[in-house]
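To start, the structure under review is shown below, and the notes come after it.
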Amino acid sequence: MTRSESYANHRARSGRLENIESIQTARNHKTMNWITTPEMSHSANPKSMKASRGGSLQGMAAIPGDKSISHRALLFGGLASGETRITGLLEGEDVLNSAKAAAALGASVHKQDEEWVVWGTGNGLLLEPEAPIDFGNSGTGCRLFMGLVGAYDFETTFIGDASLSKRPMARIVDPLKLMGTQLVSSAKGCRLPIVLHGPEIAAPITYEVPVPSAQVKSAVLLAGLNAPGKTTVIEKVKTRDHTEKMLAGFGAEIEVAETEDGARAITVAGQGELKGCNIQVPADPSSAAFPIVAALIVPGSEIRLENILMNPTRIGLITTLIEMGGDIEIANRRNSAGEDIADLVVRSSDLKGVTVPGERAASMIDEYPVLSIAAAFAEGITRMEDVGELRVKESDRLSAMAAGLAANVVKVAEGDDWLEVTGVPGGKGLGGGGAVATHLDHRIAMSFLVMGLASEKPVAVDDISPIATSFPEFIDLMRGLGADIA
Ligand code: S3P
């Protein structure tokens, strides 16, 4: 059977309308109605909240599954042939949008008791989506799926919320063009809504990523899965390595080598078979970051967090907080399903300002907002270097943090790609600003709620609804530890 016959067969017998009630129902909505206007900087129903200083934080908290691994589990499971069973999947909005995207491309996705079960199409056999795919707030979902379909000879329309519609997509579209993908249309500056059409046969490429980005690396490798021959991505700075590790688990032929100048070269062989597998998602260190910083800055606190992912490409914040004098005990280190995990015991501490070197940025790129809150309570100055990428996250995080900190009486200085925060140990005089603008950014909202737990006066945020994209349990979990958030 030729590839196109096998594709036609697959399309004819596709079971994608069965067995995926929840995801399929969502797909049947008129997707075009979900487009939001790019000028919007709030969710449809913004909900303000305020955090206040109270007693210490105590107890154990169950941190939800890792967002990066959850996206990939659904995406790779949806592509591989046969069944993938996922435990511990993060059920945040971003990841659920990836589940819908996998279903829109022909996979069957449903939840059975505590497990998510995915039946994939088989590599090379994705189906053309019938409607635009809405990735909501999720850069990771959108960019990884762009790579995935970029090498398919069909058209896909990508849409997202107001935050995602402002984020740069040329970093994904540029390498895809080298493989033969056509950018059919985009908003100004290669922003969403974007329509891509892949080539009949994609060209495998060797591509050096221009910015340290696991999303770009992953997108090119995923496109390479449907190109004849070998696709190589070169990264000078090591970024999170979930794609390469997990693809190997699905049976992809993938190799990681060091180049002469010390860069990493990741090579994937295209058009091989991928097979479904079982995945256990560990707890997300990027979500754990919020209760960790809260426990460090609220006097008398002691909390315990279990099964936290300790992959070295993800724990730059823990290294930094320990350097600042944070009492973080890393207990019961173990390996689970190929990943290092551990339990953390965090006790309140007298923190000192440090300079965070640029080389560490990739391993804590999502954690700078909450690090700047820790810095606001540390003695002296904390300087964060080479963090220009923060300007193109869910919001411009450098200016969002600088504005919110300054409004709450913290001394802060901001450069193009750096931030400097001068702390006030004990938080005397801090807080009491108006509601901080969160710009549809979950991590800005959570960071300032953490600040309010230790500052002299309360701290308010204008909208908590984006928190549901990555950490829907956040408010309840923090209240369970004793936090006053109302
Ligand atoms: C992610 C990569 C990071 C990170 C994002 C998740 C991923 O983005 O900010 O939250 O899962 O690959 P970049 O790779 O663009 O820095």
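The values are calculated or read from the model by the stated rules, or taken from the named source; none is laboratory data. Note that this is a predicted model, so its numbers are computed, not measured. Neighbour counts are summed over all protein chains in view; Cβ atoms, including those assigned to glycine, are modelled from backbone coordinates with ideal geometry.
Summary table below
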quantity: Single unsatisfied condition, Lys177 versus (1) touching a residue at least 24 places away in the same chain (Cβ under 8 Å); (2) in a helix (DSSP H, G or I); calculated: (1)
quantity: Flag for Gly427 being crowded, with 20+ Cβ neighbours inside 10 Å, modelled with pLDDT of 95 or more and closer than 26 Å to Asn45 by Cα; calculated: no
quantity: Residue that is farthest from the ligand (Cβ to nearest atom) [pool: residues in the stretch 89-105 that are closer than 18 Å to Asn307 by Cβ and crowded, with 24+ Cβ neighbours inside 10 Å]; calculated: Leu89
quantity: Any strands (runs of 3 or more DSSP E) falling wholly within the stretch 53-158 and containing at least 3 residues that are at pLDDT 95 or above and not assigned by TED's automatic domain parsing to the domain that holds Lys217; calculated: 58-61
quantity: Qualifying residue in the stretch 328-348 (condition: among the hydrophobic types (A, V, I, L, M, F, W, C), buried (at least 24 other Cβ atoms within 10 Å of the Cβ) and more than 20 Å from Arg443 (Cα to Cα)); calculated: yes
quantity: Members of the stretch 164-193 that are under 30 Å from Ala361 (Cα atoms) and in contact with a Cys (Cβ under 9 Å, 6 or more places away or on another chain); calculated: Leu164, Arg167, Pro168, Met169, Ala170, Arg171, Ile172, Val173, Asp174, Leu192
quantity: Options Val195, Val220, Val233, Val237: the member that is in a strand (DSSP E or B), within 15 Å of the ligand (Cβ to nearest atom) and assigned by TED's automatic domain parsing to the domain that holds Ile172; calculated: Val233
quantity: Some residue of the stretch 43-51 being buried (at least 24 other Cβ atoms within 10 Å of the Cβ) and away from the ligand (no atom under 16 Å from the Cβ); calculated: yes
quantity: The stretch 349-378 residues that are closer than 14 Å to Ile322 by Cβ and of a type in the set (Ser, Thr, Tyr), paired with ones that are away from the ligand (no atom under 15 Å from the Cβ) and outside any helix (DSSP H, G or I) (beta carbon under 6 Å, 6 or more apart); calculated: Ser349/Gly325; Ser349/Gly326; Ser349/Asp327
quantity: Some residue of the stretch 178-190 being within 16 Å of the ligand (Cβ to nearest atom), at positive phi and surrounded by fewer than 21 Cβ atoms within 10 Å (Cβ to Cβ); calculated: yes
quantity: Scope the stretch 202-217; condition more than 16 Å from the ligand (Cβ to nearest atom) and within 27 Å of Val118 (Cα to Cα); matching residues; calculated: Ala202
quantity: Criterion (hydrophobic (A, V, I, L, M, F, W, C) and surrounded by fewer than 21 Cβ atoms within 10 Å (Cβ to Cβ)) met by exactly one of Ala252, Ala289, Ala257; calculated: Ala257
quantity: Selection count, the stretch 391-413, where residues are within 20 Å of the chain's Cα centre (by Cα) and either part of a loop (DSSP other than H, G, I, E, B) or crowded, with 24+ Cβ neighbours inside 10 Å (or both); calculated: 8
quantity: Qualifying residue in the stretch 476-484 (condition: within 16 Å of Ser56 (Cα to Cα), in a loop (DSSP other than H, G, I, E, B) and not aliphatic (A, V, I, L, M)); calculated: yes
quantity: Residue identified as out of contact with any helix residue (DSSP H, G or I) (no Cβ under 6 Å at 6 or more places or on another chain) and more than 28 Å from Asp484 (Cα to Cα) among Ala288, Ala337, Ala283; calculated: Ala337
quantity: Whichever residue in the stretch 360-392 is among the small types (Gly, Ala, Ser) and more than 20 Å from Ala214 (Cα to Cα) and, among such residues, is nearest to the ligand (Cβ to nearest atom); calculated: Ser372
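One line per residue, one yes/no per condition, for (1) within 18 Å of Phe471 (Cβ to Cβ); (2) out of contact with any strand residue (DSSP E or B) (no Cβ under 6 Å at 6 or more places or on another chain); (3) not hydrophobic (A, V, I, L, M, F, W, C):
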position: Ser52; (1), (2), (3): no, no, yes
position: Gly65; (1), (2), (3): yes, yes, yes
position: Leu79; (1), (2), (3): no, no, no
position: Glu91; (1), (2), (3): yes, yes, yes
position: Asn97; (1), (2), (3): yes, yes, yes
position: Gly139; (1), (2), (3): yes, yes, yes
position: Leu148; (1), (2), (3): no, yes, no
position: Tyr152; (1), (2), (3): no, yes, yes
